[in-house]
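S.K.: Questions regarding the structure given below will be posed in turn.
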Amino acid sequence: MKNIVFLTFCVLFAIQFSHAQNTEETPADNTVKGQFETIVRKSTNYRQGGKRYEVVRLLELEALKKNILDTISVANTNISELQATISQQEASLSSLNTKLDETTINLKQLTEEKDSMSFFGSMISKGTYSLIVWSIILGLLTFLLLFIYKFKNSNTLTKQAKLNLADVESEFEEHRRRALEREQKISRKLQDEINKNKKGV
C-alpha cells in the first residue's frame, strides 16, 4: 500500500515538474499575488490518511518568501519615508500656523493703529479724534460768531453814542450861542441903562 502511494506521489511529482517547466516558459507575474497564484496553479495535491496535502516546489516557495520579505522591506521603507514626510509636513504646518498667528496679531495691531491716532500722547480712535476736532471747531466757530455779534453790537452802540454826543454837542453849541446872545443883549441893555442914568444925572 505504501509503495502504491509512493509510486503515485512520484508520478504526480514528475507530471508537476514537467508541467512546471512548460509553465516557466510563459512570462511570470513577479508580484506577491501573481507568485501565490503561480504556486497554487503549479502545486499538486494528494490525500493521505483522509487529509489533503498540497505539494509545492521549494524553489518557488523560497522565491515567494524572498519577494514577500522584499515587499515588506520596501513597504517599511515607504512607511518610514512617509512618516518622515508627515513629521516634516507637521513641523512645516506648525511653523505656518505660528506665522499665521503672528501675521494675524500684526494685522490686528496695524488695523488698530490705522483706525487710531495719537492725541496728546495717547492713542484714540479716529471717530473720537474727529469728534474732538469737530467739537473744538464748532466751539471756536461759536466763539467767533459771538465775538462778531458783540463787536457789531458794540460798534452799533458806539456809533449811536457818537451820534448822541454829536447831537448833544450841537444842542450845547446852540444853547451856548443863545446864552451868549442873551448875555450880549443883557449887557447892551445894561450899558444902555447905565448910559441913560449917567445922562440923567
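The values are calculated or read from the model by the stated rules, or taken from the named source; none is laboratory data. If you're wondering where the values come from, they're calculated on a predicted model, not measured in any experiment. Note that each Cβ is placed from the backbone with ideal geometry, even for glycine, and that neighbours are counted across all protein chains shown.
S.K.: Those residues that are of a type in the set (A, V, I, L, M), within 52 Å of the chain's Cα centre (by Cα) and closer than 25 Å to THR38 by Cβ, I need them from segment 63-82; list them, please. Can you show your working first?
M.R.: Taking segment 63-82 and keeping what is of a type in the set (A, V, I, L, M), we get 63-64, 68-69, 72, 74-75, 79, 82.
Right, trim to within 52 Å of the chain's Cα centre (by Cα) and you get 72, 74-75, 79, 82.
Scanning segment 63-82 gives ILE72, VAL74, ALA75.
S.K.: Going through SER135, SER95, SER87, SER73 one at a time, which residue ends up being assigned to a helix (DSSP H, G or I), closer than 30 Å to ASN30 by Cα and either touching a residue at least 60 places away in the same chain (Cβ under 8 Å) or out of contact with any Ser or Thr (no Cβ under 8 Å at 6 or more places or on another chain) (or both)?
M.R.: Details: SER135 fails: closer than 30 Å to ASN30 by Cα; SER95 fails: closer than 30 Å to ASN30 by Cα; SER87 fails: closer than 30 Å to ASN30 by Cα.
Result: SER73 is the single residue among SER135, SER95, SER87, SER73 that is assigned to a helix (DSSP H, G or I), closer than 30 Å to ASN30 by Cα and either touching a residue at least 60 places away in the same chain (Cβ under 8 Å) or out of contact with any Ser or Thr (no Cβ under 8 Å at 6 or more places or on another chain) (or both).
S.K.: Does any residue of segment 107-127 turn out to be of a type outside the set (D, E, K, R), at pLDDT 85 or above and under 34 Å from the mean Cα position of the chain (by Cα)? Before the answer, list the steps.
M.R.: Here is the first cut: in segment 107-127, the ones of a type outside the set (D, E, K, R) are 107, 109-111, 116-125, 127.
Then keep just the ones that are at pLDDT 85 or above; that gives 107.
Narrowing the set further to residues that are under 34 Å from the mean Cα position of the chain (by Cα) leaves 107.
The answer is yes; a qualifying residue exists.
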